[in-house]
Number of protein chains: 2
Amino acid sequence: MKFYHVDFEPVGRRGKCRHDESLLDCARRLGVGIISLCGGLGKFHCCKVQILKGSLSEPTSNELESFSPQELKDGYRLACQTYVTSDCKVRIPLESLTTPQRIQVEGLEVSVNRKPSISPYHIQVSSSSLSDLRADEERIIETLNHQYKLHCRSIDIDVLRNISPLLRSWNWEAQVSLRGNEVIAISPWPTHQLGLAIDLGTTKIAGYLLDLSSGQTLAAEGIMNPQISYGEDIVSRITYAIDSSAKAVKLQEVVVEALNQLVNNLCSRVHAKLEEIVEAVIVGNTAMHHLLLRLPVHQLAFSPFVPAVRRALDVKARDIGLCIAPGAYVHLLPNIAGFVGADHVAMLLATEGIWKDGGLVIAIDIGTNTEVSLIDNGEISSVSCASGPAFEGAHIKDGMRAANGAIERLQLINDQVKYETIGGVPPVGLCGSGILDAIAQLYLAGVINRDGRIGNHARVRIHEGQPEFVLVSEEERSGSAAITITQKDVREIQLAQGAIRSGINVLLQERSYSEEEIKKVIIAGAFGSYINVISAVSIGMLPLLPLDRFQQVGNAAGVGAKLGLLSEDKRVKAQAIARRTSYIELATAPHFQEIFAQAIYLG
Amino acid sequence: MKFYHVDFEPVGRRGKCRHDESLLDCARRLGVGIISLCGGLGKFHCCKVQILKGSLSEPTSNELESFSPQELKDGYRLACQTYVTSDCKVRIPLESLTTPQRIQVEGLEVSVNRKPSISPYHIQVSSSSLSDLRADEERIIETLNHQYKLHCRSIDIDVLRNISPLLRSWNWEAQVSLRGNEVIAISPWPTHQLGLAIDLGTTKIAGYLLDLSSGQTLAAEGIMNPQISYGEDIVSRITYAIDSSAKAVKLQEVVVEALNQLVNNLCSRVHAKLEEIVEAVIVGNTAMHHLLLRLPVHQLAFSPFVPAVRRALDVKARDIGLCIAPGAYVHLLPNIAGFVGADHVAMLLATEGIWKDGGLVIAIDIGTNTEVSLIDNGEISSVSCASGPAFEGAHIKDGMRAANGAIERLQLINDQVKYETIGGVPPVGLCGSGILDAIAQLYLAGVINRDGRIGNHARVRIHEGQPEFVLVSEEERSGSAAITITQKDVREIQLAQGAIRSGINVLLQERSYSEEEIKKVIIAGAFGSYINVISAVSIGMLPLLPLDRFQQVGNAAGVGAKLGLLSEDKRVKAQAIARRTSYIELATAPHFQEIFAQAIYLG
C-alpha cells in the first residue's frame, strides 16, 4: 500500500493519504470538512477542490462534465472522484469547506436573485470633432441615457479625472458602471464587475471577492484585525480611540491598511485589478463599524450606549481610504444598537431561510462580544453579552488562537486525555473549542462540580497553591511545560458561558417563554462553527435541547455581506430586519443579576 | 490750508487730502473710483468706506442713519460726508469701488432674489436615554423631517464624524444646514451661514465671502494665481500639466493652497470660522476649471479642443482639498467650450440685465485669453481669442503688472509725456492700461503709422538697431534706464488687439451684422475696467462706436459667481446660458486669416 503526503490549504492540515483513498475520504479522516451532498458519486459540484501541486488520477467523466476545460487546467477536481498519485498540495475553496450544518447558509448564497446596485452598460460614443464639440462627460451621459432610456445625471469626480484619455485610448467604446443615476466607474468593454464583501470582526477580518454578474465567489481570505495591538476587545479599543483623535485616526488607518492589503491579496489570486471592484459591502459590530468610518465612539462607551449611526450608509470608498474603483461606494449594512451591529444583521439576513418559518428561534453569534437574538413570529429582540476573549484563547493559561498546534477537540476517557490538534502537529495549547471541550469533559467526569471547583482526580495537581488539571504532561511534551486547565481558567469560562446563557435567558424571560419552546438555535461565527455543541450544552452555555435543533451555520455574517453585495432587495431586507429588532440592555433587564448568578453554574 | 496724508486700500493709492475736501472728492482727485449715486448728498449707502487709522469729522445725521452703531464703531463712513482731521488709512470695500459704469453690475448683485442651495434649520432633539436608543443620526433626521416636513435622507460622512460629541455639548440643540436632501453641516444655533465665491483667473484670483442669509459681501480679496510660476498663459500650463501626472497634481496643489490661504484671509478679516462656509461657487476659464479639479487637459490642447466636462458640477470641497465646512460642496458653473469657460458664463449671468433687452450686444472679457460673445436676441455665439499676456505687461520691454509704480494712464501733449502711476510713486514701468494709452497716443500723434511702424519724433531714438519711443528718459529717472516703447512692443500689442478685434469681426460676420449695428459693448474683467476705452477704440481693438455704447462692468465674473452662490435660479440660468451659447473655433471660421491680417492694422 502506498502513502502520499497531502497538504490541505487554507486550513493548513497535513497528513498521509492512501493511494486507494479518495481525497474526500482522506480529508474526512484528517478532520478537514469538505461539503459532499451526493455521498461520493461525483454528482454535484459541491466537493470542488483545487490541486496546487502534485499529480492525480485522470479526471472521471463526472469531472469532465462538472468543469470547464479552463477549470480543469487550473487544477479543479471533485474530491470524491480524485486519487492522489504523488505528494500533493490541495486548496479547498471556501465554498467547499463545511461545518456540520453549514450547507444551508451556503445554499442561500446561491439562490439569491441577483440585483446588484451597480449595472454595466456598453456604450460606443461618437468621437469629438469640430462639428461635435460636446464635452466628454456629456457625450457619455447623453449616449447612455439615449441608448438605454436612463436618467443618469452625473459622473463621479474621480472617474472624470481619467475620462478623456481613456475614452480616446479605447476608441470611444467603453463599459459604464452605473449606480442609481451616477456613473461610478468607466472601463474598457467588456470588463468584469467585481464586488467586495467584508466581515470586519473584532479579531478577524474575512474578505470575499465576488463576480457581480454571476454571483460567484472568486476568492476568499481571512486576516487578523491589526487593531488587536491597540486593545483585544471592543471596550478597550473604544477607550483607546476616545483618548485622543490621533489615536482614533490610528485605529482607522491600521484597519484600512489591512483591508487594502486584503483586497490586494484577493485580486492577485484571481489576477483581477483593484479598479474592477465597483462596490463593497462591509459588516461589523457597531464599534468596528464606527472605528472604520471614524465616527464618534465616546457615546458608545457610556450609558445609554447609543451609536452615532444606525441606518445603512453609502460612503465613497475614498472617504474611508479604501482603494477600489475610484468612484465606488462602500455600503454599510445597518446597526441595531451600540453593541449589536451590522454583522448581526448580516447573520440574520443570511439565516432568514432558517428562522423565517421556524417558530421560536435563538440566533447567536459567539465571539469576544456575543450577540443573541430571539425571533418570535418575525419579531426580533436582541441582547449583547460581554463573553470576553476567553474563547479566543485569551486570559486562559494555555489558551491560544485557532492556529497550528492548538488542541481543538478533546475527550477524557477514563484517565486518558485524547485530543486532536490543528494541523495534526504536537500540541502547543488550547483554542476555544478545545477549552470548551476540556471544561465540559471535566464537568461530565465530575472533576469539576457545578460551582466550577476542581476536585480530586489522578491528573489534578496543586500548582502555586491552586489546583490544575493536567491535559498534556511535561513528559508527554518531552520536557516542555505541561498544558493544564487551572482553577482560574474554569472561572473565566464560567463567566463567558454565564454571560451568553444569561443573554438567552433574559430574552426568553422578556417574552415569557421557556427553553423547551425554542425550536431552533442558530450558531454563527467562526468559533461557533468549530465548537462541539454537546460540550456547549453540557456546561450550560446553551440550553439543553435535542441536538437536531442546533444549526452551526459558519460565517453567516460574511454570507450576509455577500447577499447585500449581490442584491439591493437584500439591503432593503436588512434595513427591515434592523428596524424591527428591538434591543434589550442586559444591565437593566429585570432580575439580571439573579439570572447571571444562576447562569454561571455549570450544567 | 491744512493737508493730511491719506492711504486708500486695497488699491494702494496714497496722496494728500485738504481739510475742506471730502474723502470722496479726494479719492476722485487721486483717481480712486468710489461709487456715488447721490452726488455727495449722503443719501445712499453707496460710497461706504472704512477708516482703518486716523481721525475724522463727526458723523453726519445721514451717516448715523445709514450705519448701525456697530458699523460706526468699526469705522464705517460715507466718503461724501467725511472730512479727515489727521493722516488716515481708508479701506474701500469692493462693493464701493467703481469703474465708469460699474454700478449696473453691482446693482444686480443687490437685487437678486436669494434662494441659496443651503437652508438652515433650527432643531432641538430629545436626548438619548435608555428608553430612546435611537442613533444620533436618526435623531437629527427624524426631528428635521418631522418638524419642517422635509425629506432629508442622509448626513455627510464628515459631518457624522463629529456629530455625537457636538450634539451633546450643545445640549441637543443645533443648526442643521441642508442641501437638497443631505445634511452638509451642523453647528450651534444660531450660526452665520457663509458662502464663498471665487473667480479663478489665469493670473489673479478674486475671493468673496458672503453672508448667505443677507446676501451681503462681508469681505473680498484678490491674490495672484501661483500657477503663474508654471506657465504664464493657459497653453503653457496645459503643456506643463500633460507632461506628467505629478505636474498636474502640482498645479492643482498650488492653486488649492492659494485658495485655502485666500479663504483664511477672508475669514480672519471678519472673524469668521472656516466651517461657517457651507457652500462655494468657483468660476474660471475651462483650463483653470480643469486644472483645479484635476480633470484631464490633454484634449484641451489639441483640435477639436473639447473639455472633459462642460456642464455645471457639484463636488465635495474635500475632493478638491478646499478647507471649508466638512460636508460642503463646491458648485462649478458650466463651461461653454474648451476655451470659453465658466468665468465667461458668470460674466454673461451678471450682465444679463444689460444685454437681455439690448439688441445686438458684444460682451468681452479681456485677459491673457479674451472671450467675446455676440448676443443677438437671446442667441449667443462666442469665440476665444489668444490675446496673450501683453496686457498683463508680459513680453513688453518695460511692461509690468498693475502694481505700485506702474504707469496706468498716459497722454502725449506736444512732445511732453504726462502720466499717472499706481500709488503715485515714481514710474517703474507700464501696466496694461498704460501700454494701451501709449500705443494709442503714439498712433494718434502720427508717431506710429497704421502698419505699426515707429516713425520720426523728437523722443524716438535708435536702440540696438531698432527705433524706440522714450516715455520716461534716463534723466527723468535720475539715471535709471529709460522707460520706452519699442518696435517689438508695438508688434505685440498689434497681435493682441488684432486677436481681439478679429474675434469680434468673426462673430459679426457669422451673423451678417455690421459694427454699426452693435447697440452695446460690455467690457468685463479687471483689465477691461481700467483701460481708457478711447485708447482701445483709437487703435482699433474695439469698434468705433459712440462712447456711450461701451460699459465697463468690472469683475463681472466674480459677480456672476456671487449670484450663483446666492440663488439656485441663477445656477439654472447659467446652465441655460451655457447651453444656448454656440462656440466658433476662430481658426476654422471662413476668411479668418484675412480678417486677422486686417485687424492688426492700427486704427
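The values are calculated or read from the model by the stated rules, or taken from the named source; none is laboratory data. Predicted model, so just to flag it, every value in this text is computed and none were measured. Heads up, the Cβs are rebuilt from the backbone with ideal geometry, glycines too, and the neighbour counts pull from every protein chain shown. Remember, those area values only see protein heavy atoms, side chains included, never the ligands or the DNA or RNA. Shrake-Rupley method; radii C 1.70, N 1.55, O 1.52, S 1.80 Å.
Kindly work out what percent of the DSSP beta bridges joining two residues of the protein assembly as shown are antiparallel, to the nearest 5.
DSSP beta bridges in the protein assembly as shown are roughly 70 percent antiparallel.
Test of understanding: express the Cα radius of gyration of the stretch B:368-522 as a ratio to 2.2 N^0.38 Å, with N the residue count.
1.17
Hey, rough spin-label estimate for A:SER126 and A:GLN50, points 7 angstrom out along Cα→Cβ, what's it come to in nanometres?
Going by the 7 Å Cα→Cβ label model, 4.6 nm.
Hand me the trypsin sites (Lys or Arg not before Pro) from the stretch B:392-457 located in a DSSP loop with no more than 14 other Cβ atoms within 10 Å, in residue order please.
Loop-located and lightly packed - B:ARG450, B:ARG453.
Report the residues of the stretch A:168-189 in range of a label on A:HIS151: point 7 Å along Cα→C-beta, backbone N strictly under 20 Å from it.
Under 20 Å, as judged by backbone N against the label point of A:HIS151, lie A:177-184 of the stretch A:168-189.
Could you check how many percent of all C-alpha pairs in the stretch B:497-558 are farther apart than 16 Å?
Summing the P(r) of the stretch B:497-558 above 16 Å gives 46 percent of all pairs.
Rg/Rh for the stretch B:272-330: what does it come to with C-alpha atoms and Rh from Kirkwood?
1.07
Loop only per DSSP, at most 13 neighbouring Cβ atoms within 10 Å: give me the GluC sites (Glu not before Pro) in the stretch A:440-497, ordered by residue number.
The qualifying sites are A:GLU464, A:GLU474, A:GLU475.
B:GLN598 label point, 7 Å along Cα→Cβ, cut-off 17 Å on backbone N: hits in the stretch B:476-501?
Zone members listed by number: B:497-501.
When the Kirkwood hydrodynamic radius is evaluated over all pairs of different C-alpha atoms of the stretch A:300-339, what value in angstrom, to one decimal, is obtained?
11.5 Å
Could you give the nm distance between label points at B:ASN171 and B:ASP87, where each point is 7 Å from its Cα heading toward the beta carbon?
That separation, rounded to one decimal, is 5.1 nm.
Counting only C-alpha contacts under 8 Å and six or more residues apart, can you give the relative contact order of chain B as a whole percent?
Worked out over chain B, it gives 13 percent.
Whole number please: convex hull volume per residue, Cα atoms of the protein assembly as shown, in Å³.
Residue-normalised Cα hull volume stands at 231 Å³.
Please tell me the relative contact order of the stretch B:327-445 in percent, rounded to the nearest whole number, where contacts are Cα pairs under 8 Å and at least six residues apart.
16 percent
Using only Cα atoms, locate the centre of the stretch B:307-382 and the centre of the stretch B:530-556, then give the distance between them in Å, rounded to an integer.
Each part reduced to its Cα centre gives a spacing of 22 Å.
Can you grab the distance from the C-alpha centre of the stretch B:47-76 to the C-alpha centre of the stretch B:187-258, Å, no decimals?
What the calculation gives is 32 Å, centre to centre.
Enumerate the calculated ³J(HN,Hα) couplings along the stretch A:477-490 in order (Karplus 6.51 cos²θ - 1.76 cosθ + 1.60, θ = phi - 60°), each rounded to whole Hz, writing x wherever the residue is Gly or Pro.
Using θ = phi - 60°, the values come out as 9, 6, x, 5, 4, 5, 9, 9, 10, 9, 4, 5, 4, 4 Hz.
Grab the eigenvalues of the alpha-carbon gyration tensor for the stretch A:523-578, scale each by 5, take roots, and send me the semi-axes largest first in whole angstrom.
29, 12, 8
Evaluate 2.2 N^0.38 Å with N set to the residue count of the stretch A:491-603, then give the Cα radius of gyration divided by it.
For the stretch A:491-603, the normalised Cα radius of gyration comes out at 1.20.
Using modelled amide H (1.01 Å from N, peptide plane; none on Pro or chain starts), what sits under 5 Å from the amide H of A:LEU471, excluding residues fewer than 5 places away?
A:ILE483, A:THR484, A:ILE485
Can you list which of the chymotrypsin sites (Phe, Trp or Tyr not before Pro) found in the stretch A:287-330 are DSSP loop residues with at most 16 other C-beta atoms within 10 Å?
Passing sites in the stretch A:287-330 are A:PHE302.
Kirkwood Rh, Cα Rg: Rg to Rh for the stretch A:247-304?
1.10
Using a Debye calculation, one point per C-alpha and no hydration shell, please list log10 I(q)/I(0) for the stretch A:174-249 at q = 0.15, 0.25, 0.26 Å⁻¹ in order.
-0.73, -1.08, -1.13
Can you give the FRET efficiency for A:MET224 and A:VAL425, using 1/(1 + (r/R0)^6), R0 = 25 Å, r = Cβ-Cβ distance, to the nearest 0.05?
0.80
Taking a label point 7 Å from Cα toward Cβ, how far is B:SER213 from its twins in the other copies, in nm, shortest first?
Spacings between copies for this position, smallest first, are 5.5 nm.
At 25 °C and 0.890 mPa s, grab the translational diffusion coefficient of the stretch B:437-483 from Stokes-Einstein with a Kirkwood Rh over Cα pairs, rounded to a whole number in µm² per second.
217 µm²/s
What list of ³J(HN,Hα) couplings, whole Hz, do you get for the stretch A:499-505 from phi and the Karplus terms 6.51, -1.76, 1.60, once you set θ to phi - 60° and write x for glycine and proline?
The phi angles translate into 5, 5, 5, 5, x, 4, 5 Hz.
Could you check how many percent of all C-alpha pairs in the stretch B:439-530 are farther apart than 15 Å?
For the stretch B:439-530, the fraction of Cα-Cα distances above 15 Å is 70 percent.
If I take R0 = 22 Å and measure r between the Cβ atoms of A:GLN216 and A:LYS115 in this structure, what FRET efficiency does the formula 1/(1 + (r/R0)^6) give, to the nearest 0.05?
With R0 = 22 Å, the Cβ-Cβ based efficiency is 0.90.
With respect to the cross-link table entries B:LYS115/B:LYS570; A:LYS48/A:LYS89; A:LYS115/A:LYS570; A:LYS48/A:LYS520, which display a Cα-Cα separation exceeding 19 Å?
A:LYS48/A:LYS520
What Rg and what Dmax come out for the stretch B:208-318 when only alpha-carbon atoms are used, in angstroms?
Just the Cα atoms of the stretch B:208-318 yield Rg and Dmax of 15.6, 48 Å.
At 7 Å along Cα-to-Cβ for each site, give me the label-to-label distance between B:GLU476 and A:ALA587 in nm.
A separation of 8.6 nm, rounded to one decimal place.
Would you mind estimating how fast the stretch A:143-213 diffuses translationally, via Stokes-Einstein at 20 °C and 1.002 mPa s with the Kirkwood radius over Cα pairs, in µm²/s?
152 µm²/s
Mind putting together the pair-distance distribution for the stretch A:142-280? All Cα pairs, 10 Å bins, whole percent per bin, short to long.
Distribution as computed: 11, 31, 27, 21, 9, 1 percent.
Heavy atoms only, probe 1.4 Å: what % of the accessible area of chain B goes to carbon and sulfur, would you let me know?
On chain B, the fraction of accessible area on carbon and sulfur atoms equals 51 percent.
Per residue of the stretch B:284-294, what does 6.51 cos²θ - 1.76 cosθ + 1.60 with θ = phi - 60° give for ³J(HN,Hα)? Whole Hz please, x for Gly and Pro, Karplus curve as stated.
Computed from phi, the couplings for the stretch B:284-294 are x, 5, 4, 5, 4, 4, 5, 5, 5, 8, 6 Hz.
If you split all Cα-Cα distances of chain B into 20 Å bins from zero, what percentages do you get per bin, shortest first?
19, 49, 27, 4, 0
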